[in-house]
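Below is one structure, written out as structure tokens, with a few remarks after it.
The values are calculated or read from the model by the stated rules, or taken from the named source; none is laboratory data. None of these values were measured; they are calculated from a predicted model. Note that we place each Cβ from the backbone using ideal geometry, even for glycine, and neighbour counts take in every protein chain shown. Accessible surface is based on the protein model in full, side chains and every heavy atom, while ligands, DNA and RNA are left aside. Shrake-Rupley method; radii C 1.70, N 1.55, O 1.52, S 1.80 Å.
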Amino acid sequence: MICGGAGYIGSHVAKSVAEAGHEPVVFDNLIAGHRWAVRWGPLVEGDLMDRGRIEAAIREHGIEAVVQLAGSINVGESMQDPGKYFRNNFSISLNLLEAMDATGVKRIVFSSSAAVYGIPEGNPITEEAAKAPINPYGEAKWFVERALDWYTRARGFQCLTLRYFNAAGADPDGEIGEMHSPETHLIPLVILGAMGVRPPVKVFGMDYPTADGTAVRDYIHVRDLARAHLLGVEYLARGGESTAANLGTGQGVSVLEVIGAVGEVSGKPVPYERFARREGDPPALVAAAVKASQLLGWRAERSGIRQIVEDAWRWSGKARREGLYSE
Ligand code: UFG
């Protein structure tokens, strides 16, 4: 069962799981997710606050393992409305754990974030680095990780936590891709600016202590991310122990490098505006990516920035033609 399987990352996870011969059952309230993104198995339209509904779905579909990606994702909003983030990220996950316990399903892959590290002391960031979230979004992810640890020790759960760095790109077959409302992520904003659908992207800060002065992130292709979830479920099925692993590439890419890659793909220079730093943005976040590869036999195959942008560009063009941006 893929909670949040109608969303950006969840729908790619569903596709990967289906390609491996499993049936992904999507559990999603469709508040941020899209009905059109559920294509590889049944949709249970429900809310994770509704424990009875989760238990019924688990029993009805004979669920063997859960992937939990449901939640709110806007870091800035979490500073305005912390309650929403503790409820929509922590409370729902706790409810899900209780429903799993009650129905005897004890395997879960949890979608966590580099946000648990806050502003790291150095890069690349290993899994052992200090957990010091600087916003309620990251804190709520960390609360869930702590709860998973106790469900492992006290209730015999097997829990794999995957801490994503910057998910990006779109399905290489063009079937699904990123569609947030509002969109806050860099790559879709640069692309839509280049297509003239939106104003030129604002570059938040050009005075960071990085090579070109703009912030550096570790962008990972959503298809690579999705495959890690499948391998994660298989790892737990083999009896794998509860643990946490970063999902990144180990390569940092700056905002200006992203803009440059979009320029190469589109064939013309991309307009952008200089802007002030965005509050709470660390200068650089780059994953130490060794653990996921050792644990899962996983490696990023499609995560070069050029490939990410090509796939995202193709998807944005298609989504525009199909009128998805005006939904
Ligand atoms: N950026 C801009 N202009 C924009 C948007 C972003 O310059 O219009 C910059 C940001 O300052 C940042 C980089 O582009 O340096 C990437 O920004 P995103 O908003 O795309 O991603 P973040 O790194 O801020 O956030 C990501 C995930 C979050 C997660 C966070 C945790 O998208 O879900 O990492 O570290 F919480």
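For the reader, a short list of remarks on this structure follows.
- In terms of its C-alpha gyration tensor, segment 2-321 comes out prolate, because a/c is 1.5 or above and the ratio a/b outweighs b/c.
- C-alpha center-to-center spacing [segment 255-327, segment 64-114] in angstrom: 25
- Charge sum, other residues only, whose C-beta stays under 15 Å from Arg314's C-beta, Lys/Arg counted +1 and Asp/Glu -1: -2
- Heavy-atom accessible surface of the chain: percent carbon and sulfur, 1.4 Å: 49
- Signed unit charges on C-beta, dipole axis of segment 2-321, positive-most listed residue Tyr85, Leu30, Ser316: Ser316
- Proximal charge balance of Arg299 [Cβ under 13 Å; K/R count +1, D/E count -1]: +2
- At a probe radius of 1.4 angstrom, the accessible area of the chain per residue rounds to 43 square angstrom.
- Only Lys, Arg, Asp and Glu carry charge here, each on its Cβ (+1 for the first two, -1 for the last two); on that basis the chain has a dipole of about 100 debye about its Cα centre.
- Shape class of segment 1-104 from the alpha-carbon gyration tensor: oblate, with a/c at 1.5 or above and b/c at least as large as a/b.
- Antiparallel DSSP beta bridges within the chain, as percent of all bridges there, nearest 5: 5
- Compared with the dominant principal axis of the Cα atoms in the chain, helix 51-61 is inclined by about 80°.
- The angle between the Cα long axis of helix 222-237 and the main principal axis of the chain comes to about 20°, on a 0 to 90 degree scale.
- With an a/c value of 1.5 or above and a/b not larger than b/c for the gyration tensor axes a ≥ b ≥ c computed over the alpha-carbon atoms, segment 118-236 is described as oblate.
- Cut-off under 5 Å, modelled amide H: who pairs with Leu247 long-range: Arg163, Tyr164, Phe165
- Counted charge near Pro42, where neighbours are those whose Cβ lies closer than 13 Å (Asp, Glu -1; Lys, Arg +1): -2
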